[in-house]
Amino acid sequence: MNAKIRYLSLLAVFIARPMQLLVYFLSGLVPRRKDVWVFGSWGGRRFADNSAAFFLFCQERVGQSVRLVWISHSRAIVANLRSNGHEAHWWWSPTGMARCLRAGFHLFDCFSKDTNFWLSRGATKVNLWSGVPLKTFERDIDNQGNRYYRLFHGSRVERFLYGMMMPWHVDRPDLIIATSEETKAITYPAFGVPADSVAVTGFPRNDALFLDPSVCGSDQRCPRAVREAVAAGKTTFMYLPTFRDSARPFLDIDWSRLDAQMKALDAMFFIKFHPVEATRYSFDYPNIVQLFQDTDVYDVLPHTTALISDYSSIIFDYMLLNRPIVYYTPDLDEFVSTSRALNFDPLEIAVGPVCANSEELFAALAGIVAGTAAEPRDEAQRKAVLARLHHHSDGSASERVLSAIQDRFFRAEPGGFTSSSSAR
């Protein structure tokens, strides 16, 4: 029954596409205002990541001269943002549609569907992206079974059909951000844009990593369990596995033993799965806590002792904190064969222990608490990898993104972001 419902849903979407594409074309005929910016994140279903960080930054810097609007598919997110004094609208509400149609800029961290793709033609599109590309993505995916490979490299029929279903993937942004020249060199061909369309600014979400972590005790954005662990002086481990294209289970940990180890180490082990991951931690141990999938980890990371991850770009961001990282990769061969190729060899860019099984993981966690996990090569390796992947390490990425927008799209306007008529 589920397969039948899914098939009928896809059929309905495909039938509706011609009308939606007509709406997209017509949206390009509406005059747009450069002093109206709409933001979105993760398909319109989250308030997180680079879009959220940059949205909040812009409130302080250009909020008096630019109308800043969050567009969401979630009415709960809209209500929450409004309660905090921000303008936010549901994507198909009359006001939400009006803002998307008039906005001169659509800013997002995945694709233009994060705001409202169907109402975005003619707007300047700024892709704040979602991570350092450890895995290949978009046009560089080489797994022939992957739908994105078929979208960009399949037969003419496949490219047409997938392009109809996912037109935001072939929609090239006007500006993309990256963290270094090396990641820029990976990003622009994957998106099929000129090299000068990518600005090396760093990621706005990482600015939070440079804030004083002592605020955790009063910062309600940080989950209560984390705040309590920090207040109790416990070692806090954060496990952030990435999404597997194969959707196969990957957790291979003796949770009972891990809980006992955490108790012995006076530590807490936190888990947060990728927002679209279906795998679940289904146990109830006092020293292991699963955080909600919509938790913004950048509110949490400054308050952690160490990170455990695998192929997620979070490993690169966490390097900015200069804290221990454990690479737990029990399914490396399967990941590469069933998901996507990697832009970097995990062993080449690792700045801490690489664990192929749970025994090695337990040993690495104990070594971190004992202070014996780091080796001299780890520090030299960290500095070398950090220099390759982060051109800036100063907490000012949002400022550079704003400057990039100013330089590229407002260069000829003496008033900069202030238009001749107020957005308010």
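No value in this document is a laboratory result; all are computed from the given coordinates. Nothing here was measured: the structure is a model prediction, and the numbers come from that model. Positions of Cβ are generated from backbone atoms using ideal geometry, with glycine treated the same way; all protein chains shown enter the neighbour counts.
I'd like the FRET efficiency for Phe25 and Arg147, computed as 1/(1 + (r/R0)^6) with the beta carbon distance as r and R0 of 22 Å, rounded to 0.05. Mind showing how you got there, number by number?
Details: r = 25 Å, r/R0 = 1.13.
Rounded to the nearest 0.05, the efficiency is 0.35.
Could you check the spin-label model distance between Asp196 and Arg411? Points 7 Å from the Cα along Cα→Cβ, value in nm.
Going by the 7 Å Cα→Cβ label model, 0.7 nm.
Work out how much length Leu11 to Ser74 would gain on full extension: take 0.36 nm times their residue separation and subtract the Cα-Cα distance, in nm to one decimal.
Once the chain is fully extended between Leu11 and Ser74, it gains 20.2 nm.
Check which residues have an amide H placed less than 5 Å from Tyr239's amide H, if you skip close sequence neighbours.
For Tyr239, whose amide H was placed from the backbone, the distant partners under 5 Å are Phe270, Ile271, Lys272, Ile308.
Could you give the nm distance between label points at Trp92 and Met164, where each point is 7 Å from its Cα heading toward the beta carbon?
2.0
Would you mind calculating the gained length between Arg45 and Arg156 on full extension (0.36 nm times residue separation, minus the Cα-Cα distance), in nm to one decimal?
Details: separation 111, 0.36 × 111 = 39.96 nm, distance 3.19 nm.
Gain on extension, Arg45 to Arg156, equals 36.8 nm.
Simple spin-label model, 7 Å along Cα-to-Cβ: Phe292 to Ala264 in nm?
With each label point 7 Å from Cα toward Cβ, the separation is 3.5 nm.
Which whole-Hz couplings ³J(HN,Hα) result when phi for each residue of the range 341-348 is put into the Karplus expression 6.51 cos²θ - 1.76 cosθ + 1.60, θ = phi - 60°, listed in order with x for Gly and Pro?
Calculated HN-Hα couplings, in order: 6, 10, 6, 10, 6, x, 5, 5 Hz.
Would you kindly derive the ³J(HN,Hα) couplings of the range 302-310 from the backbone phi angles with the Karplus curve 6.51 cos²θ - 1.76 cosθ + 1.60 (θ = phi - 60°), listing them in order in whole Hz, with x for Gly and Pro?
Residue by residue, the range 302-310 yields x, 9, 9, 8, 7, 10, 10, 8, 9 Hz.
Within the chain, which DSSP H helices have Cα atoms that stretch 30 Å or more along the helix axis and a mean Kyte-Doolittle hydropathy of at least -1.0?
Sorted by number, the helices that extend far enough and score high enough are 2-27.
Near the amide H of Asp35, under 5 Å away, which other amide H atoms are found, from residues 5 or more places off or on another chain, if H is placed in the peptide plane?
Gly104
Would you pull out the residues with amide H under 5 Å of Thr201's amide H, same chain only if 5 or more places away, H placed 1.01 Å from N?
Residues meeting the criterion, in which the H sits 1.01 Å from N, are Ala178.
Go ahead and estimate [θ] at 222 nm for the chain from helices alone: -39,500 (n - 2.57) per DSSP H run with n ≥ 4, summed, over the residue count, rounded to 500.
Value at 222 nm, helices only, nearest 500: -11500 deg cm²/dmol.
Give the aspartates and glutamates whose C-alpha is closer than 16 Å to that of Lys125, dropping any in the same chain fewer than 8 places away, or say none.
Asp35, Asp109, Asp114, Asp171, Asp174, Asp196, Asp407
Which number comes out as Rg/Rh for the chain once both Rg and the Kirkwood Rh are worked out on C-alpha atoms?
Ratio value, two decimals: 0.97.
Looking at the calculated P(r) for the range 152-196, what percent of the C-alpha pair distances fall above 17 Å?
Counting every Cα pair in the range 152-196, those more than 17 Å apart make up 43 percent.
So which of Lys263/Lys383; Lys113/Lys383; Lys34/Lys135; Lys113/Lys272 end up more than 29 Å apart by C-alpha?
Lys263/Lys383; Lys113/Lys383; Lys34/Lys135
Per residue of the range 294-301, what does 6.51 cos²θ - 1.76 cosθ + 1.60 with θ = phi - 60° give for ³J(HN,Hα)? Whole Hz please, x for Gly and Pro, Karplus curve as stated.
8, 5, 7, 5, 6, 7, 9, 3
For Leu332 and Ser396, compute 0.36 nm times the residue count separating them, minus their Cα-Cα distance, and round to one decimal in nm.
Extending this stretch completely gives an extra 19.6 nm.
Cα centroids of the range 30-106 and the range 252-266: how far apart, whole angstrom?
Taking the Cα centre of each part, the range 30-106 and the range 252-266 sit 43 Å apart.
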